[in-house]
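I have placed the structure first, in the form of structure tokens, so that the comments after it can refer back to it.
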Amino acid sequence: MAVKSMNVLRMAVCLCVSVAVSGCISDGPALEKEFTDSSQIGFTVKGEVEHRFDPSGWQTVYSPSRCEFVVCSDNMSDFYMLRCSRVPREVGEEVGCDVTWTTYSDIKKKKGLEFKVTKTDPETGAVWLWCSSAMIGATVVIAG
């Protein structure tokens, strides 16, 4: 009887732990919605904000000839950059991009990602891009 109740207790603990852990990890559609609902220009990876644009110490750069977008701190110590196959403009449009960004201690790169335009702001030229496979959100600014 003691062995049976011990097994039931173990199963109950495992079930509670798995439910708790699964509740802590947002799924892709929830992360996409959270990113798209933000009014901030920034860069997120799996729901974590890696960079947030601050107009007092950051700048946005757009190179139409290279189809490249850079959002960086004034001293370039923190940045994210997207080089896209074409200029993303319309909500729902998909575009291939290579992405590079800084972390606290490293520079990360991902190539050949497919991003979808989830939101645009015609007033500022900001475009929200979401990559569902890597769960990366990047806001870029098309100026000019």
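The values are calculated or read from the model by the stated rules, or taken from the named source; none is laboratory data. Just so it is clear, the structure is predicted and the values come from calculations on it, not from any experiment. Reconstructed Cβ throughout: ideal geometry from the backbone, glycine too, with neighbour counts over all protein chains shown. To get the accessible areas, we keep the full protein, side chains included, count just its heavy atoms, and leave off ligands, DNA and RNA. Shrake-Rupley method; radii C 1.70, N 1.55, O 1.52, S 1.80 Å.
Which one is modelled with the lowest pLDDT, of the residues in the range 98-144 that are at positive phi and over 14 Å from the mean Cα position of the chain (by Cα)? Let's see the steps before the verdict.
Taking the range 98-144 as the starting set, the residues that turn out to be at positive phi are 112, 125, 135, 144.
With the extra rule that they be over 14 Å from the mean Cα position of the chain (by Cα), the set shrinks to 112, 125, 144.
On the way: G112: 98, G125: 94, G144: 56.
Across the range 98-144, the extreme among qualifying residues is G144.
Residues in the range 121-140 that are open to solvent by 20 Å² or more (accessible area, probe 1.4 Å), more than 15 Å from G28 (Cα to Cα) and not acidic (D, E): P122, T124. Considering every residue within the range 30-41, establish whether at least one is in a strand (DSSP E or B) and surrounded by 15 or more Cβ atoms within 10 Å (Cβ to Cβ). No. Residues that are out of contact with any Ser or Thr (no Cβ under 7 Å at 6 or more places or on another chain) and without any contact (Cβ under 8 Å) to a residue 40 or more places away in the chain within the range 126-140 comprise C131, S133, listed in sequence order. Whether a residue is in contact (Cβ under 8 Å) with a residue 60 or more places away in the chain and open to solvent by 50 Å² or more (accessible area, probe 1.4 Å) was assessed, and A143 passes this test.
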